[in-house]
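K.L.:
Before anything else, here's the structure in question.
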Amino acid sequence: FVDRIRLLVLDDDFIAKRCQKLISRDYQQLLEERNMLAREKREMLKQLDKMATENTYLLRKITKQEGKFAELQSQNTELMERCRKIAEENTSLHLENARMRAKANKMARKGSKKNQL
């Protein structure tokens, strides 16, 4: 009976040591996984930081280009207004030219009628 108890105690001892080894191995694996995940997290944070920096740079560049675009749009509006005024002036000159030609033609007809008489 005592031998059986010793065997049971030895079995319990063996089981406890075996469990301790399994727990230790699982704990070691968990630590390795945690470290790997921490490295991946640091890498992702570095990438996010790099992307944020690039994003900031691009936003500044876009803002600068929008300013240039607004300036060019303003200049374009100005030029369109000048073109409109020039076109109006051109139309006015064409009309004046047509009146002068009509007047010159009228005077030439009167002059030729006088010469015929």
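K.L.:
What's the total number of residues in the stretch 65-117 that are outside any helix (DSSP H, G or I) and open to solvent by less than 90 Å² (accessible area, probe 1.4 Å)? Even if it seems obvious, please write down each step before you answer.
P.N.:
The initial filter retains those residues of the stretch 65-117 that are outside any helix (DSSP H, G or I), namely 117.
Filter once more, so that each one left must be open to solvent by less than 90 Å² (accessible area, probe 1.4 Å): none.
Summing the residues that are outside any helix (DSSP H, G or I) and open to solvent by less than 90 Å² (accessible area, probe 1.4 Å) in the stretch 65-117 gives 0.
K.L.:
Assess whether Asn55 counts as being without any contact (Cβ under 8 Å) to a residue 60 or more places away in the chain and over 50 Å from the mean Cα position of the chain (by Cα). Give the steps one after another, and end with the answer.
P.N.:
Numbers: without any contact (Cβ under 8 Å) to a residue 60 or more places away in the chain: yes; over 50 Å from the mean Cα position of the chain (by Cα): no.
When the stated conditions are applied, Asn55 does not pass them.
The values are calculated or read from the model by the stated rules, or taken from the named source; none is laboratory data. None of these values were measured; they are calculated from a predicted model. Positions of Cβ are backbone-derived with ideal geometry, glycine not excepted, and every protein chain shown enters the neighbour counts. Ligands, DNA and RNA are excluded from the accessible area calculation, which covers all protein heavy atoms including side chains. Shrake-Rupley method; radii C 1.70, N 1.55, O 1.52, S 1.80 Å.
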